[in-house]
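Structure, as structure tokens:
The values are calculated or read from the model by the stated rules, or taken from the named source; none is laboratory data. The structure displayed is predicted, hence computed values, not measured ones. Neighbour counts run over all protein chains shown; Cβ positions are idealised from the backbone, glycine included. Side chains included, ligands, DNA and RNA excluded: accessible areas come from the protein's heavy atoms. Shrake-Rupley method; radii C 1.70, N 1.55, O 1.52, S 1.80 Å.
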Amino acid sequence: MRQNHQLVKVTNFVLYLALVLPVGTLVGQHGNTVQAEASESHSTGKGAEFLPSSGNSVLGGGGGGTGGHGKGYYRGPPHCKPHTFSSIQLRNGSIAPSHKRSGVFPSATCELYEFIGQGVERIQIVFSEFRLPSKQEPNECGETDILMVFFHIDGRDEVVETLCGDTLPKPILSSGPRLLLEFRSTFNNTDNKGFTADFIFLTNFGISTGYQPSPSECNFYYFKNASNQGWIQSPNFPGAYPRNIRCNYYFYGDPLDYVLIRFTYFDIEGVAPCDEDSASDYVEFSNFNTRDRKYPFYCGPRRDLIARSDGRFFRVTMVSNDRLDGTGFRALYAFESTLNMIGPGSGVIGSGGIYGVGVVGAAGVPFIPGHYQAATSSTTERNVAASVAKVTSGKRGAGMLAVNGARIAFHGDASVLLLTGVALLLFHLLPSLLGSQLAAANPPPMPPILVA
């Protein structure tokens, strides 16, 4: 009798466990097996084309709790087919709607693409094909087939852009380690070709040039000994740059160098005076690590914008707020020698005139907006300058003083020429008399070089 009573207790306990424990617990091993197989199949780290079908959805790994399954995470309509990508399993690849494989476009289709990065990673989407014709105005999608873009902002997934039409969208860069794309089709339209896009998890903010010491900060360094010239750009260019971001571009040249920045495209959201009071994003120039009041802030669309440093060090900074978006900028930088130019100071040239002290080229001829070539001095002047430069070889500013003397000699009188000769002699002797007083100021310290 006692044994029967114990058997009833055990039976009741088992039934209690079956009622209390969730069903997912009983099939957890099967789910882990599917995820492991997906992870193993993409362990090579190479780019892969992903054309969704009924059985090839990649499961997102845990990865620090960034997966979207809690409060504030958008899951789409009930009939929406999910496809989840984790940077642990796949660093880059391609996506396209299911009908791209079969060639048959079904109506009432919904597919949700979820991208889950780790830590400071962001997701960049670059479209290679896009054809979702709209029956509305060119910039209106209405009830047509659309692709919606979600960013995770303040703990919630929010729609930041809705795409449709025949124009290839610009690149998209997420605001953090999570991004959603939702594709919805409403009509059985034979003109609808869908879309194809490449995705990549990155930490360089979509900036492919320069040296970035820390993946968590938008700081990039450019050294003369690495490259004499090159390109810089805003994050995700030519797509919109992220909100609430500060990017610094540091330039380090040789002791007698200056830095020349020529913008080929410039469109920063904002209005004059381009500061926080006007709720503007802006670009700042400085000869120091701190604020340089010689330069104003710059925003809005500009053409033929050129900036030049005082010396071997220069900083360009872009700052964005949390309001509106802009396309950003692209610029060509070059390290130039002061021996090839005349004129003190630095400045910026824009379509509205000269700002700061001004920028000048060889032989004292100002730069002309839209033209990078500096004017050249006459052959006679250059010959005299070369002769004087031999005497003052290795002295700071010798080239500038030499050309100045040459211009005075052939365009002034004899008395001025005599004074110029005395000045050249003093210039040759002063360094040994004054010592370090004529040495150039040291630029800010360079960042530590990280060894992988």
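Things worth noting here:
- Two-site FRET efficiency, residue 136 against residue 74, from Cβ-Cβ distance with R₀ of 22 Å, rounded to 0.05: 0.35
- Surface/4 of the Cα convex hull for segment 180-234, nm²: 6.5 nm²
- Under 17 Å of direct C-alpha separation, and excluding same-chain neighbours fewer than eight residues apart, residue 135 reaches these aspartates and glutamates: 143, 145, 166, 191.
- Sites matching chymotrypsin sites (Phe, Trp or Tyr not before Pro) across segment 270-310 that sit in DSSP coil, with at most 15 neighbouring C-beta atoms within 10 Å: 288
- Of the residues 315, 293, the one with the largest accessible area comes first in the ranking 293, 315, computed with a 1.4 Å probe on protein heavy atoms.
- Computed accessible area, residue 264, all protein chains, 1.4 angstrom probe, square angstrom: 80 Å²
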